[in-house]
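The values are calculated or read from the model by the stated rules, or taken from the named source; none is laboratory data. Everything numeric here is computed off the predicted structure, so don't read it as measured data. FYI the Cβ positions are ideal-geometry reconstructions off the backbone, even for glycines, and counts take in every protein chain you see.
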Amino acid sequence: MRRSEFFRAVEDEFQARASSLVHDLGLGALGGRTATEALDDGTPPRSIWLALCTEMEVPPERRHGVGRQEPRGR
């Protein structure tokens with residue numbers, strides 16, 4: 001997962017709450033760091049996404065493959 005895919009996934013899943021969750025929510029699986037802090041520290045975006053999903057109790061079926069753009073038509 002790329003950084004841009006992470007932000008797209010967060011926006012899609014959490015909509016209006018996305019920004020505050022990324023900047024304010026300390027994630028237990030990441031040592032209490034926010035998603036923004038973890039990204040700045042070099043934590044892979046996929047790990048942060050999964051930690052955020054666990055913390056927010058996102059069902060497993062909505063955790064995988066999100067954030068990707070649809071392939072361009074040829």
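The table for this structure:
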read-out: Every residue from region 13-38 that is more than 10 Å from the chain's Cα centre (by Cα), under 21 Å from Arg62 (Cβ atoms) and part of a helix (DSSP H, G or I); value: Gln15, Ala16, Arg17, Ser19, Ser20, Gly28, Ala29, Leu30, Ala38
read-out: Given (1) of a type in the set (D, E, K, R); (2) buried (at least 17 other Cβ atoms within 10 Å of the Cβ); (3) modelled with pLDDT of 95 or more, index of the condition Glu5 fails; value: (3)
